[in-house]
Structure formats: C-alpha cells, structure tokens
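A short worksheet on the structure shown next.
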Amino acid sequence: MMEYKVIYEKEMIKKLKKIDKKQRDLIIAWIGKNLENTKNPRKSGKALKGSLNTYWRYRVGSYRIIAEIQDKNIKIILIDVGHRGDIYR
C-alpha cells in the first residue's frame, strides 16, 4: 500500500498564517503525525455530508481541517482550516 502525500492549497496556507502561533504549530504537528505518509488517511478523519460530501474533515482541538483525498494520485489536499464555529460557512 502506498503512502499519501500531503499538499497544502494556497488558501490553506493563508488561513494557517492567521491562526495564532501556538495553535498553528499544534495543527502542523498533527498533520505531520497523522496525515504525512499515512497509508489510510480516512482513519483519523470523517466524511462530510451534503454538498461537501467529496471532502473529509479532521479535528485538531477546536479547529477543523477540510481535505480532499485523492486515491488515484495518493494525495491528501488540504483545502481549508478554521475554528469549528466558522469552518463550515
């Protein structure tokens, strides 16, 4: 089984920079531990429903990461990050 590569979208990087450093470091460490080179990107996430059903969400404290898992290309594309109260808007 292949290991997935994590790709950061430009929008994701912009949003990460706006989060305070302590939280940002936590989120980046979590991505490194749970998503970088993982063989099963679905084990630590949850599929979204409704119009966002092609995406997955990962919970890091009170923040959420929205990602697209591409099995064909073995990639996890990180699309968005934000506080759980704002992320789904």
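Values quoted throughout were computed directly from the atomic coordinates according to the rules given, and no laboratory measurement underlies them. Here the structure is a predicted model, which means the values were calculated and not measured. FYI the Cβ positions are ideal-geometry reconstructions off the backbone, even for glycines, and counts take in every protein chain you see.
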Legend entry - strands (runs of 3 or more DSSP E) (entirely within the chain) containing at least 1 residues that are surrounded by fewer than 13 Cβ atoms within 10 Å (Cβ to Cβ): 45-47, 75-83
Legend entry - Pairs with Cβ under 7 Å, 6+ apart, first in segment 72-83 and farther than 14 Å from E36 by Cα, second in a strand (DSSP E or B) and of a type in the set (A, V, I, L, M): I79/I66; I79/A67; D80/I66; V81/I65
Inset, instruction - Residue by residue through segment 1-57, note down the ones that are hydroxyl-bearing (S, T, Y) and free of Cβ contacts under 8 Å to residues at least 40 places away in the same chain. - result: T38, S44, S51, T54, Y55
Inset, instruction - For segment 61-71, state whether one or more residues are among the aromatic types (F, W, Y) and free of Cβ contacts under 8 Å to residues at least 40 places away in the same chain. - result: no
